[in-house]
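Here is the structure we will look at, set down as structure tokens.
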Amino acid sequence: MSTPSISPTLAKKYKDSIDPLGWWLSEKLDGVRCILKNGHIFTRTGKPIQAPDSFLDGLPKGVVLDGELYGTRGNFDEISGIVRKNIPVEAEWRSIRYMIFDVVDDELDYEARQALLHGIAPSQSGCYEIVEQTLCEGREHLDSTLARIERCGGEGLMLRRPHSKYEFKRSASLLKLKSFRDLDARVVEHRAGKGRHEARLGALVCELADGKRFKCGSGFTDKQREHPPPVGTRVVVKYFEMTKNGVPRFPTFVGTRAEQDAILRGT
């Protein structure tokens, strides 16, 4: 299997100075970014993903596609674990869909690529779905759409500039918007859990670079509570805003820094 020399379009952060009127909106999915080419799936760095034939056979043919392997909101770790296996487990892949949001073609503009995509495949099937795009009606529409998605447990929004070309780099034509921010911290203590979390992790005590400490008690899977990151581990947490004391308000565990870096590298 040859590795494709494709660097997919990467998003920049949305800034309030940008007028979103006329841009295309879609939910920002928390999945594994990948390219479908010649009947095979590759990470964004070109590493092959071993998917079962039953999954690959159901995907659209004839074009190179850009999308994410996705399960549901909030189960990224589970999906990531499934798709990293060298020997795929067919039963596990039944919980995954390939969410398609673009055709890899740097000659067509975005609307033409969407028309091509919808022309070669139905909007959805058992193992894939074309991500719905909505034309933004203005800033109020943008804010209300973001709020609705986040209330449902979604991560945020993606914005695509109308008539933009596909670029093989980080591009200002593709923007990401979310209320959550994230930061790195160091684990300095484990706090025991109570109730259903008795005898396992209740919260991590984390330390910022400036020495300020805070507790993070949400976002953990059962497995992570039973085997928490050791003291000294650098972790990533997401949060809404900083408190007056300079620590994150409502922090949620995302993963270790090493795990997040490996995901970005596609390893």
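The values are calculated or read from the model by the stated rules, or taken from the named source; none is laboratory data. The model shown is predicted, which means the values in this text are computed figures rather than measured ones. Here Cβ is always computed from backbone atoms with ideal geometry, including for glycine, and neighbour counts include all displayed protein chains. Accessible surface areas use protein heavy atoms only, side chains included; no ligands, DNA or RNA. Shrake-Rupley method; radii C 1.70, N 1.55, O 1.52, S 1.80 Å.
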> Which whole-number percentage describes the relative contact order of the chain, with Cα contacts under 8 Å and a sequence gap of 6 or more?
Replying inline: 20 percent
> Hey, what's the chain come to in accessible area per residue, 1.4 Å probe, Å²?
Replying inline: 53 Å²
>> Could you tell me the center-to-center distance, by alpha carbons, between the stretch 103-121 and the stretch 17-40 in angstrom?
In response: 13 Å
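Let me check something: with ligands and nucleic acids excluded, how do His227, His190, His141 order by accessible area (1.4 Å probe), largest to smallest? List each step's numbers first, then the result.
Working: His227 135, His190 75, His141 40 Å².
I get His227, His190, His141, largest accessible area first.
With a cap of 15 neighbouring Cβ atoms within 10 Å, and only residues DSSP puts in a loop, list the GluC sites (Glu not before Pro) found in the stretch 115-170.
On the way: sites: Glu129, Glu132, Glu137, Glu140, Glu150, Glu155, Glu167; in loops: Glu132, Glu137, Glu155, Glu167.
Sparse-neighbourhood loop GluC sites (Glu not before Pro): Glu132, Glu137, Glu167.
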> How much accessible surface area, in Å² rounded to 10, belongs to the heavy atoms of Leu183 with a 1.4 Å probe?
Replying inline: 30 Å²
> Along the charge dipole of the stretch 114-216, which of Tyr128, Gln114, Val205 sits closest to the positive end, that is, farthest toward it, with unit charges on the beta carbon of Lys, Arg, Asp and Glu (+1, +1, -1, -1)?
Replying inline: Val205
>> With n ≥ 4 as the cut-off for DSSP H runs, can you work out [θ] at 222 nm for the chain, using -39500 (n - 2.57) per run divided by the number of residues, rounded to the nearest 500?
In response: -5500 deg cm²/dmol
>> Can you pull out the trypsin sites (Lys or Arg not before Pro) in the stretch 183-267 whose DSSP state is coil and whose Cβ has at most 13 other Cβ atoms within 10 Å?
In response: Lys194, Lys244
>> Contact order normalised by length for the stretch 164-251, with contacts defined as Cα pairs under 8 Å and 6 or more residues apart; what percent is it?
In response: 30 percent
